[in-house]
Amino acid sequence: LRGARQRGLWAWYRNGAGMDRYLFLIPLLPLLASGFNLLVSRKYFPEKSHIFAIAGVAASFVLSVLVFRDINDGKGPLTQHIWEWIGSGAFHSEVGFYVDQLTAVMIVMITFVSTLVHIYSVGYMHGDKSYYRFFSWLPLFVFTMLVLVLADNYLLMFLGWEGVGLCSYLLIGYYHKRRSAANAAKKAFIVNRIGDVGFGIGIMAIFTTFGTISFAGEHGVFALVGEGSASERTLTMIGLLLFTGA
């Protein structure tokens, strides 16, 4: 931090500060923007709620670019453990993030396109009676997408997947007084729940087969698959179950 004050944050970053400690900020900033708009902007400045949404998502984009740069420089994969979410016997699930080359590309794409969508929506939604509500759901959608791709285990990924389904329901049914919008939102929500049954069973099959639901690490699913710990038939079954969710 002393170096950051002397040479600037960018110089501090270029001189070796890695992004692995700050991965949590990438999904957190859109979440904070969503919560702020829903709790504060709605009362005090609903017509300016887009400012906080755009700022949160754009800041996530900048951080995502820095993470991509770290990965491109050969510093990855990057991991960050936040806390142990569930611990019961042999089953453990953490809240943590994992970034490899594919994840780095995905978070840059998500945050960049989402920033453009937020900017475009300022004009598109201008004058809407629930302007603040739209700019509460939109950054929340970005948050859930980022959790989905940043998760370091299948259960947290599933939580992000469920969040994406919820936000789809909220945005599709944004004009909830219109029967067509309400019906479309319910249809999307119900179809997602049906697909998620297969997704959930697939995660159970992963734990039963490998004894873990974590992606990476010496005893992670990726390593165990590479060692041939499961038959091709079992892997195909798991893949099809996960694909059911999609």
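State the number of residues belonging to the stretch 218-246 that are under 21 Å from the mean Cα position of the chain (by Cα) and open to solvent by 50 Å² or more (accessible area, probe 1.4 Å).
The number of residues fulfilling the criteria is 4.
When the residues of the stretch 199-209 are filtered to those that are open to solvent by less than 30 Å² (accessible area, probe 1.4 Å) and of a type in the set (A, V, I, L, M, F, W, C), which remaining residue is farthest from residue 93 (Cα to Cα)?
199
Okay, residues lined up against (1) under 12 Å from residue 26 (Cα atoms); (2) open to solvent by less than 50 Å² (accessible area, probe 1.4 Å); (3) hydroxyl-bearing (Ser, Thr, Tyr):
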| site | (1), (2), (3) |
| --- | --- |
| 75 | no, no, no |
| 81 | no, no, no |
| 89 | no, no, no |
| 101 | no, no, no |
| 127 | no, no, no |
| 134 | no, yes, no |
| 137 | no, yes, no |
| 144 | yes, yes, yes |
| 153 | no, yes, no |
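So if I check each of 45, 112, which one is at pLDDT 95 or above, over 23 Å from residue 155 (Cα atoms) and among the hydrophobic types (A, V, I, L, M, F, W, C)?
Checking each option against the conditions leaves just 112.
Return a yes/no flag: does the stretch 98-114 have any residue that is in contact with a strand residue (DSSP E or B) (Cβ under 6 Å, 6 or more places away or on another chain) and within 19 Å of residue 22 (Cα to Cα).
So far as the stretch 98-114 goes, yes, one or more of its residues are in contact with a strand residue (DSSP E or B) (Cβ under 6 Å, 6 or more places away or on another chain) and within 19 Å of residue 22 (Cα to Cα).
What do you reckon, is residue 215 buried (at least 16 other Cβ atoms within 10 Å of the Cβ) and touching a residue at least 60 places away in the same chain (Cβ under 8 Å)?
yes
Give me the pairs, please: first residue somewhere in the stretch 64-86 and touching a residue at least 60 places away in the same chain (Cβ under 8 Å) and under 18 Å from residue 217 (Cβ atoms), second residue anywhere and of a type in the set (Ser, Thr, Tyr) and crowded, with 17+ Cβ neighbours inside 10 Å, beta-carbon distance under 7 Å, and either six or more positions apart or on two chains.
What qualifies is 77/98; 79/98; 85/93; 86/93.
For residue 164, are the conditions met, namely being crowded, with 22+ Cβ neighbours inside 10 Å and under 29 Å from residue 244 (Cα atoms)?
no
On the given criteria, is residue 159 in contact with a strand residue (DSSP E or B) (Cβ under 9 Å, 6 or more places away or on another chain) and surrounded by fewer than 20 Cβ atoms within 10 Å (Cβ to Cβ)?
It is true that residue 159 is in contact with a strand residue (DSSP E or B) (Cβ under 9 Å, 6 or more places away or on another chain) and surrounded by fewer than 20 Cβ atoms within 10 Å (Cβ to Cβ).
Need pairs with beta-carbon distance below 6 Å; first residue within 25 Å of residue 130 (Cβ to Cβ) and among the hydroxyl-bearing types (Ser, Thr, Tyr) and within the stretch 19-39, second open to solvent by less than 50 Å² (accessible area, probe 1.4 Å) and assigned to a helix (DSSP H, G or I); sequence gap 6+ or separate chains.
Matching pairs, first to second residue: 34/136; 34/139; 34/140.
The values are calculated or read from the model by the stated rules, or taken from the named source; none is laboratory data. What you see is a predicted model, and the numbers here were worked out from it, not measured in a lab. Cβ coordinates were reconstructed from backbone atoms using ideal geometry, including for glycine residues, and neighbour counts include every protein chain displayed. SASA here: full protein model, heavy atoms, side chains in, ligands and nucleic acids out. Shrake-Rupley method; radii C 1.70, N 1.55, O 1.52, S 1.80 Å.
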